[in-house]
Amino acid sequence: MGPIEQLRDAIAASKVMLGPQIGDGFIFGTARLLATGAHVNVNVDPELEDRSGIDAGALVAAIERVLEVSPQVWRRIIDGIAEEIEGAVGGENVIETTDLRDDLAVRSVVVFADATLLSFAAPMQFPDSWIRVQLDEDFEVEDVSIDPKDED
């Protein structure tokens, strides 16, 4: 059994994700995000092309850390995202009056050995885009990008 299969089995044994599967060098499944109560897609990328081995324990712990983030920390993340976007956009003729903080809905979590990425939908303010957020190890917002939704 290879390292990716061992990682999948470790994730399955931890019960941190529902039905973890292998796809194209990463593990994917769904899990409940404690702070929102929502089920999200979770991808775990062990970055096998960049690393000689997988620390399954560290990756399982990283998944648990992000899924179990407190509502207070989650609010800080949401505020950080909104501040980044509002700062970049400025007051440019905002037609939509829904607060971005209320519009953001997390759709997926990607866990790497040393980073966490979140993808959000914001259907009122950014109906044709994903808002992608990179968090640092303390769950502070490190980078925000607004990317067009793929055609598929």
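Are there trypsin sites (Lys or Arg not before Pro) in the range 107-151 that DSSP marks as loop and that have at most 13 other Cβ atoms within 10 Å, and which are they? Please report the intermediate quantities before stating the final value.
Details: sites: 107, 132, 149; in loops: 149.
Of the trypsin sites (Lys or Arg not before Pro), the ones in loops of the range 107-151 whose Cβ has at most 13 other Cβ atoms within 10 Å are 149.
Counting only helical runs of four or more DSSP H residues, what would the 222 nm mean residue ellipticity of the chain come to if each run contributes -39,500 (n - 2.57) and the total is spread over all its residues? Before the final figure, lay out the partial values.
Numbers: 4 runs with 47 residues, N = 152.
Calculated at 222 nm, the ellipticity per residue is -9500 deg cm²/dmol.
Using a simple spin-label model with points 7 Å from Cα along the Cα→Cβ vector, what separation in nm is obtained for residue 149 and residue 79?
The modelled label-to-label distance comes out at 3.0 nm.
Looking only at the range 105-120, which residues have a backbone nitrogen under 13 Å from a spot 7 Å from the Cα of residue 49 in the C-beta direction?
No residue qualifies, since no backbone N sits under 13 Å from the label point.
As an exercise, use a Förster radius of 30 Å and the Cβ-Cβ distance of residue 140 and residue 1 to find the FRET efficiency, rounded to the nearest 0.05.
Details: r = 37 Å, r/R0 = 1.23.
Rounded to the nearest 0.05, the efficiency is 0.20.
What residue among 34, 58, 87 has its Cα farthest toward the positive end of the dipole of the chain, where the charges are +1 on Lys, Arg and -1 on Asp, Glu, each on the Cβ?
Of the listed residues, the answer is 34.
Would you mind getting me the FRET efficiency between residue 114 and residue 86? Use the beta-carbon distance for r and R0 = 30 Å, nearest 0.05.
Values: r = 28 Å, r/R0 = 0.95.
It comes to 0.60.
When ligands, DNA and RNA are left out and all protein chains stay put, how many square angstrom of accessible area per residue does the chain have with a 1.4 Å probe?
Details: 8480 Å² over 152 residues.
With all protein chains present, the chain gives 56 Å² per residue.
Considering the dipole of the range 99-152 built from charges on the beta carbon (Lys and Arg +1, Asp and Glu -1) around the Cα centre, which of 134, 113, 148 is farthest to its positive end?
Projecting each Cα onto the dipole axis, the largest value belongs to 148.
When only Cα pairs under 8 Å and 6 or more residues apart are kept, what is the percent relative contact order across the chain? Intermediate results must be reported in sequence, preceding the final value.
Details: 254 pairs, mean separation 26.5, N = 152.
It comes to 17 percent, rounded to a whole number.
About the Cα centre of the chain, what is the dipole size in debye to 20, counting +1 per Lys and Arg Cβ and -1 per Asp and Glu Cβ, all else neutral?
780 debye
Show me the GluC sites (Glu not before Pro) within the range 29-69 that DSSP assigns to loop and that have at most 11 other Cβ atoms within 10 Å of their Cβ. The partial results should precede the final answer.
Details: sites: 47, 49, 64, 68; in loops: 47, 49, 68.
Those that pass, being in a loop and sparsely packed, are 49.
The values are calculated or read from the model by the stated rules, or taken from the named source; none is laboratory data. From a predicted model like this one, the values you see are computed outputs, not experimental measurements. Counting neighbours? That spans all protein chains shown, and the Cβs are built from the backbone with ideal geometry, glycine included. Accessible surface areas use protein heavy atoms only, side chains included; no ligands, DNA or RNA. Shrake-Rupley method; radii C 1.70, N 1.55, O 1.52, S 1.80 Å.
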